[in-house]
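The values are calculated or read from the model by the stated rules, or taken from the named source; none is laboratory data. Because the structure is predicted, anything quoted here is derived from the model rather than measured. Please note: Cβ atoms are built from the backbone with ideal geometry, for glycine as well, and neighbour counts cover all protein chains shown.
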Amino acid sequence: SLRPTQMGLSLNIDISATAFYKAQPVMDFALEYLNIRGDAPRRLFDQDRLKLKKALKGVRVVATHRPDISIRYKITGITSAPLNELTFDLDGTRVSVVQYFKRQYDYSLKYVQWPCLQAGSDSRPTYLPMEVCNILGGQRYSRKLNERQVTNILRLACERPDKREGSIVEVINRNNYGIDDNAKEFGIKVMNQLALVDARVLPPPRLKYHQSGREQICNPSVGQWNMNNKRMINGGSIRHWACVSFGSRLQWNDVSVFCNYLVGTCNNMGMQVSETPCVDIVQARQGNLEAVKNIYRQSAQVLAQQGLEGQNLELLFVVLPDGPNASDCYGRVKRLCEIELGLITQCCLPKHVQRAGTQYLQNMALKINVKVGGRNTVLENALLRRIPLLTDKPTIIFGADVTHPSPGEDVSPSIAAVVASMDWPEVSKYTCLVSSQGHREEIIADLFTEVKDPQKGVIYGGMIRELLLSFYKANKSCKPGRIIFYRDGVSEGQFSQVLLYEMDAIYRACSSLENGYLPQVTFVVVQKRHHTRLFPEDHRSGAMADRSGNILPGTVVDTKICHPSEFDFYLCSHAGIQGTSRPTHYHVLFDDNNFTADALQTLTYNLCYTYARCTRSVSIVPPAYYAHLAAFRARRTWMTITLIRDHLLWAAPEGLIKLSR
């Protein structure tokens, strides 16, 4: 793509990978897609027919029953009736498709009890037996990939930085834009080497842990650290917990030993967790969610017998099934526990139960601690009130994201999530609100709402207003004097629209709380889906690259390749693990707080070390990351709930999420 930059017009080139339909007979595709081994069954079940219809709709095929001519069609559907029941009008006579192919082409159809592909419109359909059609090559597969396909494409596309840089240079040389006639006509000259830009590496922040640990201050190295000799700054308490295992290959003793190790790790890291479960560990059949309900009821009975009426189970460990059923079980367990029971859960895979290492147990303890209301670490400078434009006056940090349905889903709603920090000046605990909105709408509709009631008058609401009220209550009746809003998932073509509507919603939400209340706002768009890559000038230099060959965490670029007149910068805040690191593009659309480039870049980078679920700095600022996770979780819940009542609450990794319709 051509982009305006401070160097002038720049050509952005990158290597991209996507999935394509395999060129093959439609029958082979159908058997593989439906996981049918051996010969085709005599007849398809309706659910398989509908599944196949969804997969093939819009795909281009070529008919093979006429060797003298090649005719291409675009599939619009699949017939509900089998092939041997399909007829059409031919010169005033009803003729079956099977008879027509035999008479016209001397072709005996084999799979006559299977449905037929349909091209054209419903009023004038063209029937095409699957066995005489081949899928054309070169068609992009735009639907959602399964986990195995995602793994395969990532493995294929994953290139170390030096190899990726070489691939890009090879593309430039192969295209040879210097001799392109169109480029010459417009007087465009393209250099054959990558642009050399100035960058700097920001220092990592110091992290504060509890004073009872041997290490109270942590200095991260290359974007990572560990929990050895450290204790959480605010450890949570769990008095009543239980465990259920759906792993068919695990023994009861394996699960018991894992729970003991995990509880011990939590307590060593500063939590207060009871050493024994509320009820005995349960081994259940795969998919038997009644076992979860039974554990919840039994624990309530046990607590009542101990004179603890009104107290409930506080945490449930769930060992998921083996293999591909794990994802489905995970979603069903989360829906049951969070929507129906109001129960916090922590899930894990059987392979981790059998060989759980120290790092895995520590990461799981970090997740459990924030789920029950604790805090793992805070920025030392936040406690010392030494972060400019954050700790000088009460500040709330928002993160927002919208997730859309997968390609092919035509009616599912989009899900918007907004999170906000509740603990000033530490800014490490977040509350989240989630709402549904129109199909593929990017603008968040429920940031602020205003409803006229004939009896109560005007009723104000919306996610921004509710989160501001939550901040007010959590900070001893203190209103935020500054708002920093990180907005994820917005393309450049939507900047003006998002700014116009969402900034207006923020101001209206503030003024609805108190006349004249207008805190200073900074609105930053967070972009991860772009094709700008930063490579070290010397891949072997330890001062420029980490062990993976990627640029160092904290590398920031705000000149040359940035916008010529607007406030934006590229920040790589994480250490590369595999492949080539992608820097995050931060674009400031509105800044009432008059941030300098250094101040906003340093604040954003420091926040990346406060992500609660691991001991690494993350690639995007945590408020935006949490909003993305919350929206994704809400979509998983939404898929099987046909009616959701207003304001359902469920426990989530970063606190309570309120789901509004």
*Count - residues of segment 542-583 that are within 25 Å of the chain's Cα centre (by Cα) and assigned to a loop (DSSP other than H, G, I, E, B)*: 16
*Scan segment 183-190 and give yes if some residue there is surrounded by 12 or more Cβ atoms within 10 Å (Cβ to Cβ), touching a Phe, Trp or Tyr at 6+ places or on another chain (Cβ under 7 Å) and either under 29 Å from PHE535 (Cβ atoms) or at pLDDT 85 or above (or both), otherwise no.*
yes
*Return the total of residues in segment 533-558 being surrounded by fewer than 18 Cβ atoms within 10 Å (Cβ to Cβ), touching a residue at least 12 places away in the same chain (Cβ under 8 Å) and of a type in the set (S, T, N, Q).*
1
_Within segment 336-366, tally of residues that are under 18 Å from LYS208 (Cα atoms) and not aliphatic (A, V, I, L, M)_ = 2
*Across segment 1-42, what is the total count of residues that are in a loop (DSSP other than H, G, I, E, B), more than 21 Å from ILE153 (Cα to Cα) and in contact with a strand residue (DSSP E or B) (Cβ under 8 Å, 6 or more places away or on another chain)?*
2
*Based on what the data block shows, is LEU469 in contact with a strand residue (DSSP E or B) (Cβ under 9 Å, 6 or more places away or on another chain) and touching a residue at least 40 places away in the same chain (Cβ under 8 Å)?*
no
*Just a yes or no: is a residue in segment 296-310 within 29 Å of the chain's Cα centre (by Cα) and of a type outside the set (A, V, I, L, M)?*
no
*Among the residues of segment 419-441, is there at least one that is crowded, with 17+ Cβ neighbours inside 10 Å, at pLDDT 95 or above and of a type in the set (Gly, Ala, Ser)?*
yes
*asked:* I'd like to know if segment 338-348 contains one or more residues that are over 24 Å from the mean Cα position of the chain (by Cα) and crowded, with 17+ Cβ neighbours inside 10 Å.
replied: yes
*Qualifying residue in segment 234-241 (condition: out of contact with any Asp or Glu (no Cβ under 8 Å at 6 or more places or on another chain), at pLDDT 95 or above and surrounded by fewer than 18 Cβ atoms within 10 Å (Cβ to Cβ))*: yes
*Can you tell me which residue among GLY264, GLY323, GLY287, GLY270 is in a loop (DSSP other than H, G, I, E, B) and modelled with pLDDT of 95 or more?*
GLY270
*asked:* Can you confirm whether GLY399 is in a loop (DSSP other than H, G, I, E, B), touching a residue at least 24 places away in the same chain (Cβ under 8 Å), out of contact with any Cys (no Cβ under 8 Å at 6 or more places or on another chain) and among the small types (Gly, Ala, Ser)?
replied: no
